[in-house]
Every structure is written in C-alpha cells, then in structure tokens.
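Contents: one structure, followed by commentary.
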Amino acid sequence: MMVSVNRLTKEEHVRVIAALIEGNSVRATVRMTGIVKNTVAKSLYDVGKANERCHEPRGCVLLDDGTVKFICTEDKLRQLRRK
C-alpha cells in the first residue's frame, strides 16, 4: 500500500513562516493558512534547525551571488574565503 505524502509548496511554506515570525501562535497560523498543525510545527522545527546551523561557528557562509553554503570544516571555509 502506497501512502501519499503532501508537501508544502514554497509559497505555502513562506506564508506559514511569515505568520509565525509576525508573532502568531501555531494554532492561529493553522486558522490563517488552513495547513495542518503538525505541518506548521514541523516547518517551524525545520527553520529553527537551519537557523541553528547558521549560528554555529563555521556553520554557514553567505556568498556574493546570494546563495548560502553550509560549511563543516575550517579548510572549506578558508577555500571559500580565497575565492
């Protein structure tokens, strides 16, 4: 038996995170967006984990082209700084 997994579109994900950033509760975000509470909570968790990685030393680097690279070693960080 195959289980269908629905994924949020980028626009839905942005709406959820924007609502939470504005200070709305998870339940209020569910009412505003119509997205299931567990999905809203999972989105919040995922963004929190990604943000946590960016605050670690050698966590992430914003490149000149606007992309973000996650760095796990000091050598890779030095290589990016040379570019």
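The values are calculated or read from the model by the stated rules, or taken from the named source; none is laboratory data. Since the structure is predicted, the reported quantities are computational estimates derived from the model, not experimental observations. Every residue, glycine as well, gets a Cβ built from its backbone with ideal geometry; the counts of neighbours run over all protein chains shown.
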Which residue, of Asp65, Asp46, is of a type in the set (D, E, K, R), on the phi < 0 side of the Ramachandran plot, at pLDDT 65 or above and not in a helix (DSSP H, G or I)? Asp65
Could you check, for the range 25-38, whether at least one of its residues is surrounded by 10 or more Cβ atoms within 10 Å (Cβ to Cβ), at pLDDT below 90 and not charged (D, E, K, R)? no
